[in-house]
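Notes to accompany the following structure.
Any read-out appearing in this document is the output of simple, stated calculations on the displayed coordinates, not a laboratory observation. From a predicted model like this one, the values you see are computed outputs, not experimental measurements. Here the Cβ positions follow ideal geometry from the backbone for every residue, glycine too, while neighbour counts run over all protein chains shown.
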Amino acid sequence: MKTALSRRGLLTAGAAATGAAFLTGLDTSTAEASLPPFRRLVTPKLLHADPWWPVPDPGRTTTQAPDWNVGFKNDAEGLPLSLLRGNWGAHPSRLGWYINNHISSFENTGNRGNLTRAAQVMDIMMSRAAKDRGSAFVKYEFPWEVSHGKLPDPWYSSFGQSQFPLGAERLYRLTGDRKYLKARELLLNAFFQPRTKGRPWIVDVDRYGMLWLEEYPFADGHASHVHNGQIYAVGDLLRYAEFAQDQRAYELVRGAIYTSLFNADLCRKPAGLSYYYKDETHQSNVYHAVHAKLYNRLYNMTQYDDFAKVTDRMVRDACPGREAGTLRVTGGRPHRLRKGSSTAVWKPTSTLEVSSSARDTLTGANGVVWSLMSSGPRSGWHIEESPDAYRTGYATDRFDYRWDRRAVIGKGALLVGYEINEAGVRKERRRARMTRDSAFLADARANLGGRQYIRATSGQFAGLWIPEEVRGAHFTSHRPSSRASLSAARQR
């Protein structure tokens with residue numbers, strides 16, 4: 001049973017002292033509602049926190065974040081610091097996770113030490129936050145440099161700030177201490193302050209009236225417009241908005257989702273790796289995989305099919321999944337190999353399974369996907385994926401849908417449905433020649449046995465995997481392309 005705890009009963013003496021500094025550092029002036037007007041997406045289906053969005057692990061009580069290799073080191077005040085490029089400093093993206101993780105651990109275990117620790121870290125971050133225009137901006141306390149410029153210590157970002165309103169709201173509900181209610185307001189107010197040279201800022205409204213939740217807002221006032229940072233911040237703000245039923249946060253989310261929708265094709269690069277920035281610069285295998293997952297999550301938040309279509313296209317453009325796995329290599333068949341500039345053809349005498357530590361779309365390799373073998377007779381070589389050399393299991397290029405999507409198949413096409421086991425071995429269960437244009441619903445897509453499949457949930461093929469083909473079964477969108485819509489918006 002959850003109960004409200006008094007501040008005296010909750011905090012240790014050290015945390016209480018930190019809290020005093022936090023209270024004296026607050027700017028209690030009214031926030032300036034001076035953010036320029038921005039476009040919003042309005043639909044009754046909009047805004048449901050994605051059930052697969054990264055959430056704090058309720059069973060974890062250690063100070064080691066599961067998604068980062070670098071651990072924390074406490075400073076003199078007890079704030080967990082992170083090591084980044086040789087510098088130890090406060091990293092709000094990780095500390096927002098840290099706070100919410102400890103709150104979840106308290107809720108699931110009843111261990112008050114976790115709640116005390118969450119409150120202590122929140123207090124320290126608020127005491128150090130930049131107070132400006134009735135807002136609190138949490139600080140990244142280390143220098144950073146990206147392709148768009150340098151960020152001196154301290155700097156600010158929507159990427160980390162987006163996790164703190166939820167942490168503050170949860171602390172208020174659990175402790176009854178109204179300072180966290182005030183903290184929540186100051187933290188959220190920061191998202192309504194305009195881009196301003198020489199002052200803290202974390203959002204931008206561009207010349208097309210689109211709201212950007214800035215990952216890298218530069219002190220000289222120029223914006224970076226990072227696609228993945230925008231979507232991560234949307235997810236965190238939406239989780240807060242749903243939890244607190246905060247209409248101001250919902251407005252931010254609606255605006256930011258509109259921006260992501262109408263700039264999606266400025267992220268995607270046809271037949272190549274997607275772009276990190278809106279200005280179509282910087283590409284990497286890592287962030288291509290991130291983008292494909294994030295646009296699918298936007299679909300799961302909004303039921304807006306254009307987001308899922310972006311993921312569909314990115315799957316075809318380049319490898320969207322880079323995780324380690326098991327590779328099944330068919331014996332008696334020739335397989336193309338690559339290692340650096342060297343190439344080879346390998347024809348194993350029997351079928352075998354080997355470990356694979358990574359998979360990529362290699363430059364100069366005609367856009368096909370290659371898996372890096374980390375065991376077996378050709379360890380260290382990349383092998384071209386195909387129906388004769390493929391990842392086993394159901395996780396490769398796997399995207400699940402919160403709401404079933406509509407797939408179509410044209411008149412005259414042959415539709416074949418399979419059961420496919422974890423080894424990628426398929427067994428045909430049903431086939432039919434389409435006598436008219438048809439449609440069915442599907443709840444997932446994945447790379448199985450070396451090719452892309454859609455899992456049907458309706459009609460005679462329900463429960464079976466159907467090959468995805470441009471001239472066969474494929475997903476359809478209910479709207480024009482994002483790039484066409486963006487062009488129209490820019491002309492208004």
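Would you please put 72-80, 200-208 in order of how densely packed they are, using the mean number of other Cβ atoms within 10 angstrom per residue and starting with the highest? Don't jump to the answer; show the numbers that get you there.
Details: 72-80: 15.0, 200-208: 20.0.
Highest-to-lowest ranking by the protection proxy: 200-208, 72-80.
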Enumerate the amide H contacts of Gly176 below 5 Å, restricted to partners 5 or more residues apart or on another chain; note that Pro and chain-start residues carry no placed amide H.
Leu5
Mind listing the long-range amide H neighbours of Gly450? Cut-off is under 5 Å, sequence gap 5 or more, other chains count too, H placed in the peptide plane at 1.01 Å from N.
Arg391
Just tell me which aspartates and glutamates come within less than 12 Å, Cα to Cα, of Lys293; anything on the same chain fewer than 8 places away is out.
Asp50, Asp312, Asp397, Asp400
Straight-line reach from Lys179: which lysines have a Cα under 28 Å away, not including same-chain ones fewer than 8 places off?
Lys2, Lys73, Lys131, Lys139
³J(HN,Hα) computed for each position of the range 324-332 - Karplus, 6.51 cos²θ - 1.76 cosθ + 1.60, integer Hz, glycine/proline x
5, x, 10, 10, 9, 10, 6, x, x
What are the lysines whose alpha-carbon lies under 30 Å from the alpha-carbon of Lys411, with same-chain residues fewer than 8 places away excluded?
Lys309, Lys427
Viscosity 1.002 mPa s, 20 °C: Kirkwood-radius Stokes-Einstein D of the range 399-475 over Cα pairs, µm²/s
174 µm²/s
For the range 192-215 and the range 394-472, what is the separation of their C-alpha centers, rounded to whole Å?
43 Å
Whole-Hz Karplus couplings 3J(HN,Hα) for the range 450-460, θ = phi - 60° and coefficients 6.51, -1.76, 1.60, Gly and Pro as x, run x, 8, 7, 10, 10, 9, 6, 10, 9, x, 5
Of 141-150, 385-394, ordering from highest average Cβ density within 10 Å down gives 385-394, 141-150
The range 408-461: trypsin sites (Lys or Arg not before Pro) in DSSP loop, at most 11 other beta carbons within 10 Å:
Lys411, Arg436
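Taking the range 325-391, how much of its Cα-Cα pair set, in percent, is spaced more than 18 angstrom apart? Numbers along the way, then the final one.
Numbers: 530 of 2211 pairs.
Roughly 24 percent, rounded to a whole number.
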